[in-house]
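Here is the structure we will look at.
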Amino acid sequence: MLKHFVLFLFIICANLAQAQSFSEKRTKPEQDSIKKSAFLKQLGNGFFPTKYLNFDLRYLIKYNQYEGVRTGLGGVTNDDFSEKYRINSYVVYGFRDHRFKYSIGGGFRLAEKTNTWLNLAYTDDLQETGSTKFLTDKRFFQFFEPRLLNIDLFHKHITKSIALEHQFSNKLLSETELAASKIEPTYGYNFNIDGNSFTNFDISTAKIALQWNPFDVFEVDEKEELKKVKDGYPKFTLQYTKSFNDVFKSDFNFSKLDFRTIYKIGNEDDAFSEITLVSGIANGHTPLTHMYHAYPNNITKETILQRFSVAGLNSFETMYFNEFFSDKFATFQLKHFIKPFNISKRYKPQLVLITRYAIGDMKNPERHQNISFGSLKKGYSESGFEINKLLFGFGFSFTYRYGGYHLPEFSDNVAFKFTFNVSL
């Protein structure tokens with residue numbers, strides 16, 4: 001694996017050198033064609049563009065409680081390489097678990113008009129237990145991912161997948177995926193079904209996801225191309241997952257249905273509110289790896305100062321990691337953004353009022369052995385505020401936990417953290 005990593009580094013470096021050489025020979029008109037705004041947009045999406053390959057900035061460096069420092073390289077070919085084919089890959093290394101993780105994949109376009117792509121991938125990596133990803137999500141990139149710092153519950157997976165992207169219209173996108181995975185939790189866990197105990201398992205799934213943005217606004221630009229000029233709300237995402245027993249040696253039969261909607265009220269240049277509703281339900285023999293958490297982001301430490309970290313974008317700041325798991329849940333989040341304080345042209349801190357609520361339950365918690373967790377059937381509540389962009393994108397947040405899961409010690413209900421907001 002080390003030889004493959006070195007070879008990957010050599011290819012990347014060679015590509016960079018070629019890109020630099022090419023850029024030095026460009027004529028002035030060619031240089032003028034590359035606008036600064038387009039370059040910043042690529043960076044904002046998490047890519048550093050070169051001639052044929054866009055480097056993926058997500059893999060440069062991260063940190064979590066299981067891998068420690070995680071670093072590597074990744075990239076995807078761009079339209080200069082081919083408009084009909086693409087190759088994407090990454091290699092990373094965890095310095096605490098001393099293990100390489102990687103993915104290699106590619107795709108080819110079946111129909112230009114509907115932006116239909118067929119994609120193949122082979123991935124050997126980690127995934128957070130209880131997390132759910134929507135296939136149709138736009139590529140999500142943050143310069144800094146605060147929740148990742150404190151996550152310690154991961155499972156290893158080796159996944160082979162084939163997926164079909166299809167655009168029914170500018171406002172309705174779909175993706176379908178067939179995948180076979182070998183799952184191995186990195187923590188002591190037994191899944192007990194009818195007297196059979198599983199410490200690792202195979203899962204074969206079919207997924208279909210729909211992203212519907214009915215209120216997005218599009219216009220035809222000077223090149224007679226249709227471009228989105230305004231994000232409309234609400235937005236809706238729906239995903240159905242079905243696991244098949246005995247297909248490619250799969251061990252379990254279960255299904256999941258996930259839903260999310262996001263709604264914004266008001267103008268982002270003034271005061272506005274953002275509402276996010278997420279829900280999910282799992283039926284059948286579903287292992288903990290594929291259950292739901294409620295986006296916790298609090299470390300299990302004794303004092304407020306020991307728990308001091310960085311607040312997430314949509315996480316429950318007072319909920320401790322691995323405190324709750326559910327086979328059905330719903331979360332509601334309301335953020336009200338006060339109009340930024342116009343202290344100067346460049347210094348405009350902003351106050352955000354926040355309230356969050358989660359509810360959930362689990363049918364057969366006794367199936368999940370060697371791990372303790374609670375339910376959310378009493379309803380979980382927290383509220384607080386953020387003051388963002390005080391200095392170099394940093395701010396701070398204060399959140400308080402109350403209601404059905406209020407804790408006896410006052411300090412255990414409090415989360416005081418940094419915030420970090422940077423946009424290009």
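If you plug the beta carbon distance of residue 225 and residue 277 into 1/(1 + (r/R0)^6) with R0 = 41 Å, you get a FRET efficiency near 0.75.
Could you give the length gained by full extension between residue 409 and residue 332, i.e. 0.36 nm per residue of separation minus their alpha carbon distance, to one decimal place? Don't jump to the answer; show the numbers that get you there.
Details: separation 77, 0.36 × 77 = 27.72 nm, distance 2.55 nm.
Computed gain between residue 409 and residue 332 is 25.2 nm.
Here the chain is treated with +1 on each Lys and Arg Cβ and -1 on each Asp and Glu Cβ, and its dipole about the Cα centre works out to around 660 debye. For the stretch 279-336, the Cβ-based charge dipole about the Cα centre amounts to some 120 debye (Lys, Arg positive; Asp, Glu negative; other atoms uncharged). Partner lysines whose Cα lies under 21 Å from the Cα of residue 345, excluding those fewer than 8 positions away in the same chain, are identified as 389.
Which value in Å does the Kirkwood hydrodynamic radius of the chain take, with 1/r averaged over all unlike C-alpha pairs and then inverted?
On the way: mean 1/r = 0.0422 Å⁻¹.
Answer for the chain: a Kirkwood hydrodynamic radius of 23.7 Å.
Using θ = phi - 60° in the Karplus curve 6.51 cos²θ - 1.76 cosθ + 1.60, the 3J(HN,Hα) couplings for the stretch 327-334 round to 9, 8, 7, 8, 10, 10, 9, 10 Hz; x is entered for Gly and Pro.
How long is the gain from residue 69 to residue 418 if the chain were fully straight, where each residue apart is worth 0.36 nm and the alpha carbon distance is subtracted? Don't skip to the answer; put the middle values down first.
Values: separation 349, 0.36 × 349 = 125.64 nm, distance 2.07 nm.
Difference between extended and current length: 123.6 nm.
Compute the length gained on full extension between residue 361 and residue 218: take 0.36 nm times their separation in residues and subtract their Cα-Cα distance, giving the result in nm to one decimal.
Working: separation 143, 0.36 × 143 = 51.48 nm, distance 4.15 nm.
Answer, rounded to one decimal: 47.3 nm.
Ranking 241, 308, 134 by how far each Cα lies toward the positive end of the dipole of the chain (charges on Cβ) leaves 308 at the top.
Values quoted throughout were computed directly from the atomic coordinates according to the rules given, and no laboratory measurement underlies them. On a predicted model such as this, the values are computed, not experimentally measured, just so you know. Every residue, glycine among them, receives a Cβ derived from its backbone with ideal geometry; neighbour counts consider all protein chains shown.
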